[in-house]
Amino acid sequence: MNMKTEQKKMKGPMEGVRILDFTHVISGPFSTMLLADMGAEVIKIEKPGEGEFYRAEGTKNEAGVSIVYPNYNRNKKGITLNIKSSKAVELLKKMVAKADVFVENQRPGLLASIGLGYEDLKAINPKIIYASISGFGQDGPYARKPAFDMTIAAISGLMSVNGIEGTVPTKTGAAFSDFISGIYAALGIVAALRKRDKTGEGSYVDVGMFDSILSVLDDFIPKYKVTGKEPTRFGNRRAGFAPVNVFPVKNGEYVYIAGSFQKQWEALASLIGREELITDPRFKDNTGRKQHEALLESIVEEWSLTKTSQDAVIELEKAGIPCAPVKGIGDLFKDEHIQARNSIIECDYPGIGKYAMAANPIRISNYQQPVERAPMLGEHNESILNELLGYTADDIVLLKREGVI
């Protein structure tokens with residue numbers, strides 16, 4: 001599962017693009033990491049002494065090293081800047097003059113208040129792509145509201161459709177609004193760069209976590225507009241189709257079975273030895289099967305409990321019925337498909353050792369994504385200030401002494 005970094009580096013599709021990453025937590029770091037995976041030069045800017053939130057406050061191992069921070073910051077360079085210092089602000093502006101993209105996910109209005117807003121940086125570099133990720137976007141009545149993934153899940157309607165009917169609304173296991181807004185920001189940056197190729201002009205990219213979740217609410221928005229009915233929570237079932245659910249098997253595990261379409265339902269009925277159900281008026285179509293869903297699920301469960309998860313999946317797949325074992329995270333490390341596609345990658349990280357993370361899922365022919373560990377705090381201060389801005393060793397010592405970096 002280890003993509004060897006010793007392999008000859010090939011030019012990435014984003015090579016030649018320099019990105020200043022002034023982000024923290026998930027949405028921004030994840031967004032810029034996707035672009036770093038594609039060959040962009042990403043320079044992550046952090047607070048001297050402690051770094052960004054997930055470096056300072058993320059879950060740590062016994063050695064006191066964050067095991068969260070490296071997951072969103074691979075393939076980047078790292079510097080420190082004390083933005084409370086006017087010299088640090090001026091230094092950052094010098095970097096902007098030589099950058100293509102500036103990405104931030106601070107509170108709306110914060111950077112503009114210290115002279116680092118879009119208009120400020122545009123005056124320095126008219127071609128700059130300035131991307132902001134926030135909870136609710138940069139305008140509108142909610143723009144200044146604080147936001148976390150769970151509050152976005154609540155206010156966006158996502159929690160209202162997630163969970164089991166008759167129980168409380170439920171958040172998702174992963175921070176979807178952070179990841180989806182990060183993906184949209186990366187897409188927006190690529191689109192803005194393409195626009196710049198044509199016009200020579202920079203752009204401002206505004207991505208809200210709230211808007212991002214609205215965009216992936218399945219068909220709930222148009223359905224409500226047409227019917228006026230709030231969608232119900234249906235847990236592991238599927239609206240409009242049955243039998244579709246998680247079923248227990250005899251080894252104490254679970255298998256997800258989706259007898260959604262008529263052909264699949266008939267194949268399932270035959271597989272479990274209940275062909276007579278195919279012509280039973282109660283189950284002749286999905287409308288009837290949804291009306292008698294609990295009864296139908298109990299019949300399927302009688303069969304599933306006689307099988308191990310492996311046997312159940314083999315038989316279901318042979319019959320052409322969509323299914324899957326419900327795996328734990330630990331199972332993923334043994335999954336043959338993940339191993340074959342290098343979908344989990346590893347690198348060495350100081351204080352942790354072998355560090356595993358999910359690979360970027362975008363595969364581009366004739367390009368091997370790099371796997372370089374996330375930077376240590378301020379690891380590239382000297383090299384970037386010297387090579388990019390021409391600062392001497394004495395200059396850098398003075399910046400450290402003055403608390404600028």
Suppose we keep only residues that are over 16 Å from Lys47 (Cβ atoms) and of a type outside the set (Asp, Glu) within segment 375-389. Which one would you say is surrounded by the fewest Cβ atoms within 10 Å (Cβ to Cβ)? Ser383
When you go through Lys4, Lys47, Lys11 one by one, which is the residue that is modelled with pLDDT of 95 or more and basic (Lys, Arg)? Lys47
Yes or no: segment 266-285 includes at least one residue that is crowded, with 17+ Cβ neighbours inside 10 Å and touching a His at 6+ places or on another chain (Cβ under 9 Å). yes
Filter result for Leu217 (part of a loop (DSSP other than H, G, I, E, B) and within 27 Å of the chain's Cα centre (by Cα)): yes
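Residue-by-condition table, conditions (1) surrounded by fewer than 16 Cβ atoms within 10 Å (Cβ to Cβ); (2) within 30 Å of Ala269 (Cα to Cα); (3) over 17 Å from the mean Cα position of the chain (by Cα):
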site	(1), (2), (3)
Asp206	no, no, yes
Glu230	yes, no, yes
Arg233	no, yes, yes
Val249	no, yes, yes
Of the residues that make up segment 119-126, is at least one in contact (Cβ under 8 Å) with a residue 60 or more places away in the chain, under 22 Å from Ala192 (Cβ atoms) and crowded, with 16+ Cβ neighbours inside 10 Å? yes
Give me the strands (runs of 3 or more DSSP E) completely within segment 236-339, filtered to those with at least 1 residues that are free of Cβ contacts under 8 Å to residues at least 24 places away in the same chain and among the β-branched types (Val, Ile, Thr), ordered by residue number. 244-248
Can you confirm whether Ala131 is of a type outside the set (Val, Ile, Thr), out of contact with any helix residue (DSSP H, G or I) (no Cβ under 8 Å at 6 or more places or on another chain), surrounded by 14 or more Cβ atoms within 10 Å (Cβ to Cβ) and not in a helix (DSSP H, G or I)? no
If you scan segment 134-143, which residues turn out to be surrounded by 14 or more Cβ atoms within 10 Å (Cβ to Cβ) and part of a loop (DSSP other than H, G, I, E, B)? Gly135, Phe136, Gly137, Gln138, Tyr142, Ala143
Exception for Met357 within (1) surrounded by 13 or more Cβ atoms within 10 Å (Cβ to Cβ); (2) farther than 30 Å from Asn73 by Cα falls at (2)
Select from segment 165-183 the residues that are in contact (Cβ under 8 Å) with a residue 24 or more places away in the chain and crowded, with 17+ Cβ neighbours inside 10 Å and list them in ascending order. Ala175, Phe176, Ser177, Asp178, Phe179, Ile180, Ser181, Gly182
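The values are calculated or read from the model by the stated rules, or taken from the named source; none is laboratory data. Because the structure is predicted, anything quoted here is derived from the model rather than measured. Glycine gets a Cβ as well: all are built from the backbone with ideal geometry, and neighbour counts include every protein chain shown.
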